[in-house]
1. Let me cross-check ARG74: its accessible surface, 1.4 Å probe, with only protein heavy atoms counted, in Å² to the nearest 10?
2. Using Cα positions and a limit of under 20 Å, work out the aspartates and glutamates in reach of LYS191, with same-chain residues fewer than 8 apart set aside.
3. Once the dipole of the chain is set up with Lys and Arg at +1 and Asp and Glu at -1 on Cβ about the Cα centre, which of PHE103, GLY60, SER189 lies farthest towards its positive end?
4. Could you point to the residue in PHE39, TYR216, VAL168 farthest towards the positive end of the chain's charge dipole, with +1 and -1 charges on the Cβ of Lys/Arg and Asp/Glu respectively?
5. What FRET efficiency do you get for LEU204 and LYS180 if R0 is 30 Å and r is their Cβ-Cβ distance, rounded to the nearest 0.05?
6. Relative to the longest principal Cα axis of the chain, at what angle does helix 100-111 sit, 0 to 90 degrees, rounded to 10?
7. Using a Förster distance of 22 Å, how high is the FRET efficiency between ARG92 and LYS221, based on the Cβ-Cβ distance and rounded to 0.05?
8. Grab the DSSP H runs of the chain that are 4 residues or longer, score each as -39,500 (n - 2.57), total them, divide by all residues and round the 222 nm result to the nearest 500 deg cm²/dmol.
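The values are calculated or read from the model by the stated rules, or taken from the named source; none is laboratory data. Just so we're clear, the structure is a prediction, and the values are computed from it rather than from any experiment. Note that we place each Cβ from the backbone using ideal geometry, even for glycine, and neighbour counts take in every protein chain shown. Note: areas computed on protein heavy atoms with side chains; ligands, DNA, RNA excluded. Shrake-Rupley method; radii C 1.70, N 1.55, O 1.52, S 1.80 Å.
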Amino acid sequence: MKQLSVCLGLFLMLSYYSVRAQVTPERALAALKEGNSRFVAGKSIKPHQDVNRIKELASGQKPFAVIVGCSDSRVPSEIIFDQGLGDLFIVRTAGQVSSYASFGSIEFANAVLGAKLIVVLGHTQCGAVAAACKLPEVPGHIVSLINAIKPAAKLAKHQHGDEIENAVKINVAMQVEQLKNLEPVLTKSTKDNSTMVVGAVYDLKTGKVEFLPENYLSNLKS
């Protein structure tokens with residue numbers, strides 16, 4: 001049994017490192033899905049998390065994917081996708097709402113660092129999305145987050161099922177479309193298929209990441 005475990009571990013590690021040979025958007029997406037499956041199964045290999053990796057990255061970085069995620073402390077991208085130092089370029093705000101600084105960061109990771117996969121990652125029970133659905137009185141700049149999510153909250157009211165969880169998915173899907181239409185960098189790279197922008201939702205109860213279909217928005221009841 002011990003030898004079998006060692007062999008399995010080596011196989012997983014080799015599979016992981018092979019993704020670096022040619023990181024197409026499709027292969028990058030597969031790597032994230034494989035990593036999340038390991039995480040959910042309790043079989044994370046925790047790659048690229050040692051002193052050698054620190055030294056390797058001192059001269060530069062080349063992340064294979066961009067994660068545009070929520071700031072929620074329960075959704076650490078490197079852990080839930082079983083990745084390590086230098087693998088993921090992370091942009092995080094509450095409700096994964098993007099502003100000019102976020103847009104510039106995403107474009108930098110894509111155009112300069114070469115990350116050809118962008119994942120907009122929401123999560124269940126998102127407080128920012130819930131606030132946009134319930135519209136409570138909030139202080140300071142928090143209102144800017146709520147205003148950005150309001151279109152998703154409005155559309156969610158017309159759908160069957162849980163209003164907030166529907167709004168979470170719609171918010172992610174709308175943000176995907178926003179990035180695809182971001183001039184001039186992402187519009188060009190998505191139209192020529194060199195870059196892929198996808199949406200996903202992390203389940204706080206199970207740890208599983210659900211990737212949304214490309215036509216998610218078009219299939220909704222308006």
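1. Probe radius 1.4 Å; accessible area of ARG74 about 120 Å².
2. In chain and number order, the partners are GLU26, GLU107, GLU177, GLU183, GLU214.
3. Farthest towards the positive pole: GLY60.
4. Result: PHE39, furthest along the dipole toward the positive end.
5. Values: r = 27 Å, r/R0 = 0.90.
The value I calculate is 0.65.
6. Compared with the principal axis, the helix lies near 30 degrees.
7. Working: r = 31 Å, r/R0 = 1.41.
Efficiency, rounded to the nearest 0.05: 0.10.
8. Roughly -14500 deg cm²/dmol at 222 nm, from the helical runs in the chain.
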